Amino acid sequence: MAQKKAKIPISKKIEENEELLKKRLGIGETFDVGVRKLLLLKTKVQLYYCNGLCDTTYIIQIMREFMLMNNQHKSPHSVKEVIHNHITHEQVELTDNMDEAVDRLLSGLILIFVDGEDEVFIVDVRSYPGRNPEEPDTEKVVRGSRDGYTENIIINTALTRRRLRDERLRNEIVQVGERSKTDICISYLKDVADPGLIKLIKKEISTISIDGIPMADKTIEEYLVKQGFNPFPMARYTERPDVAVQHLLEGHVLVMVDTSPSVLITPTTYFHHVQHAEEFRQTPLTGAFERWFRFIGILAAIMLVPLWYLYVQDPHLLPKGLEFIGPNKHGHLPIFLQLLLAEVGIHLLRLAAIHTPNALATSMGLVAAVLIGQIAISVGVFVPEVILYSSVSAIGTFVTPSVELGLANDLFRILLLLLVAIFHVPGYVIGLTLFIIFIANMKNLNTPYLWPFMPFNAKALLTIIMRVAVPMTKMRPSILHPQNPKRTSN
Amino acid sequence: MEDKKSQQMETDGSFMSRVISVGFFGGLIWSLIAFLAYYLNFTKVGPALILAPWALGKWKNEWLGHLIGVVILALLSILVAIGYRFLLSKVKSMWAGILYGTVLWFIVFYVLHPIFPGLEPMNKIGKNTVVTTLCLFILYGLFIGMTISFEYSERYGTNNQKSS
């Protein structure tokens, strides 16, 4: 947007610049932008800064150097040259564009205006408030690196670069948001990632027209993948640099958004959401086991409760040897209502747990387990089996590595339950069929969502089922159309 | 020129092997799921249906019969996949696969009905069986269809896959 406007030049008269900046930025009205006026070598010099976003110690260094310089030079022929030489910082730029200068000032850089010059110095003394890398809460591992992305995009690219010293790693930065001017970094390996995909992502990002993106990556995701009313997550997030770099090496494209510790991995399929870094920290066999248990949990989350309810309705369908399943006495409420109530209860608990402070979480667990579970049964609201199957499906939801996918599966389970209640077996079967057709039909940045199951790719499916040992994985996933299908050159 | 030709042949060869593999695994996966559906009493017919035309021992309706049925279906399914490759591989829409599965279901349960002795008439077999088998055939057809047309467009399609 900014490029289209006519460029506002920088005046040679420092007073005019001062007047303009005062009007545009409201210096005096807003307290966080300030100016320091100096007289150096008989020339007026002004230093603009944005409070809190820049490191004062650097500014003091630069100003001290300026003041010392005053005594060393006696009326030089170019004040600008001398000042340029004396800025004690490695990142110094010159611009003659006022808009750019203002943008930079508000991102925490300092501007140095010199009277009689139509260019301004921009010095990068940024220091953003933020935390240090910590282990992300949602992706903990037993062993392995404990650092995680932070809210600062510069630290994030540094954490990536630290794991990937490849000269072909590209971090392209663009700005989005007419007002917020948020930095977005697109990272990829130049000789691996699919150029068509990179082009597509850049195109989608460049067409975003929005005032600001305080919800950072989530907003960008919604522009990128056209979510609509589809509950299934179309983009995978990670807060772990090791996971991010792993995906870079496979040929994925990452999108980092400033002010968010979550990095967007594109493109993703359903099966990206059911894997976890922990599996790669264990031996291949135990890793595969972990993965299978996780798959069982996820399948149970979707299918178990409706299946059980199906058999409650039609006990004559129970397979031989499983006749004991089904409640012995039906309680006071219809089973269907009980299941829905349990569903509501579990979701309320989950929602409460998100913003319950740690100190209260234990007592909340107690309330949930003892009061609701135990006493609801003795009062007669719930049949014990309802609690059992609802809990199993809740655990299945929690075991889903991607929170978003867990929630989408929950939603589908309730829908399936409803279908079973109305149509019995045909409802269950048709529900599952439509579910598969629906997600098979989804496309995410031109990638089929259910790959490698549908469309089928035996080798790729094996790597998902088996957690193949790393030395055996010599090829990159073909769905990413990598320019180099092989991981190493030999 | 010659190089291009041999490359073309290579693509054709690997495409055919892909078709065979998708046929085999498609038959394997979906007939195993059919077996599961049979075990859960969703359907009265399991993979052992394929053994019905032959007078075999009692085992043919037990789990052994079903497992052998799974293997035979997996092998037969290769032919089904090859059929799809020649009939419909150029169609990009996933409805082609669904339609293919539905047609297959009609062939198996109506056209070939007489060769399966012991298979109840379709109007008496119950809606559970009809719905379950039809859904399984639809998903199977979709599985074969999606894979083959995806592979086809990856190999022979014009490189405009990024335009949508």
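When all alpha-carbon pairs of chain B are counted, what percent fall beyond 19 Å? The calculated P(r) of chain B puts 59 percent of pairs beyond 19 Å. Residue A:90 sits among other residues whose Cβ lies under 15 Å from its own Cβ, and their net charge, with Lys and Arg +1 and Asp and Glu -1, is -3. Mind checking the stretch B:74-164 for trypsin sites (Lys or Arg not before Pro) that DSSP puts in a loop (not H, G, I, E or B) and that have at most 16 other Cβ atoms within 10 Å? In loop regions of the stretch B:74-164 (DSSP not H, G, I, E or B), the sparsely surrounded trypsin sites (Lys or Arg not before Pro) are B:90, B:92, B:124, B:162. Relative to the longest principal axis of the Cα atoms of chain A, the long axis of helix A:241-250 lies at roughly 80 degrees.
Sparse packing (at most 12 other Cβ atoms within 10 Å of the Cβ) combined with a DSSP loop state is found for the following chymotrypsin sites (Phe, Trp or Tyr not before Pro) in the stretch B:43-99: B:54. For chain A, averaging the sequence separation of C-alpha pairs within contact (under 8 Å, six or more residues apart) and dividing by the residue count gives a relative contact order of 13 percent.
Descending by average beta-carbon neighbour count within 10 Å, the peptides A:96-109, A:260-273, A:302-315 line up as A:260-273, A:302-315, A:96-109, the highest first.
With a 10 Å cut-off around each Cβ of B:124-137, the average count of Cβ atoms from other chains is 3. The listed peptides B:104-114, A:40-50, ordered by packing as a protection proxy, come out as A:40-50, B:104-114 (highest mean of other Cβ atoms within 10 Å first).
Qualifying GluC sites (Glu not before Pro) in the stretch A:2-75, where qualification requires a DSSP coil assignment and no more than 12 other C-beta atoms within 10 Å, comprise A:29. Neighbouring Cβ atoms from other chains, within 10 Å of the Cβ of residues in A:425-433, number 6 on average.
Once the Cα atoms are used to define both axes, helix A:335-355 deviates from the longest principal axis of chain A by about 20 degrees. Axis of helix B:95-106 versus longest Cα principal axis of chain B: the two differ by about 30°, to the nearest ten degrees.
Oblate is the label for the stretch A:274-375, because a/c, from the alpha-carbon gyration tensor with a ≥ b ≥ c as root eigenvalues, is 1.5 or above and a/b does not exceed b/c.
Report summary: the helix-based calculation at 222 nm, which adds -39500 (n - 2.57) for every DSSP H run with n ≥ 4 and divides by the residues of chain A, gives -14500 deg cm²/dmol. Inter-chain Cβ neighbour count for B:143-149, averaged per residue, equals 5 (cutoff 10 Å, partner chain atoms only).
Taken over the C-alpha atoms, the protein assembly as shown has Rg and Dmax values of 32.0, 113 angstrom. Pull out a ≥ b ≥ c, the square roots of the eigenvalues of the alpha-carbon gyration tensor of the stretch A:23-78, then state rounded if a/c is under 1.5, prolate if not and a/b is larger than b/c, and oblate in the remaining case. Since a/c reaches 1.5 but b/c is at least a/b, the shape of the stretch A:23-78 is classed as oblate. Please work out whether the stretch A:143-268 counts as rounded, prolate or oblate from its C-alpha gyration tensor, where a ≥ b ≥ c are the square roots of the eigenvalues and a/c under 1.5 means rounded, while otherwise a/b larger than b/c means prolate and anything else oblate? It is rounded, given that a/c, with a ≥ b ≥ c, falls under 1.5. Mind checking which of A:136, A:206, A:273 is farthest towards the positive end of chain A's charge dipole, using Cβ charges of +1 (Lys, Arg) and -1 (Asp, Glu) about the Cα centre? It is A:273, whose Cα lies furthest towards the positive end. Charged side chains reduced to their Cβ positions (Lys and Arg at +1, Asp and Glu at -1) give the stretch A:14-123 a dipole of some 560 debye around its Cα centre. Using the average count of surrounding beta-carbon atoms within 10 Å as a protection proxy, the listed peptides B:45-53, B:136-144, B:68-76, A:157-165 rank, highest first, as B:136-144, B:45-53, B:68-76, A:157-165. Helices in chain B, meaning DSSP H runs of at least 4 residues, each add -39500 (n - 2.57). Divided by all residues, the mean residue ellipticity at 222 nm is -23000 deg cm²/dmol. As a length-normalised measure over Cα pairs under 8 Å and 6 or more apart, the relative contact order of chain B settles at 31 percent. A simple charge model with +1 on the Cβ of Lys and Arg, -1 on the Cβ of Asp and Glu and nothing else charged puts the dipole of the protein assembly as shown at about 1440 debye relative to its Cα centre.
None of the figures in this text is laboratory data; all of them are computed from the coordinates on show. Since this is a predicted model, take the numbers as computed values, not measurements. Counting neighbours? That spans all protein chains shown, and the Cβs are built from the backbone with ideal geometry, glycine included.
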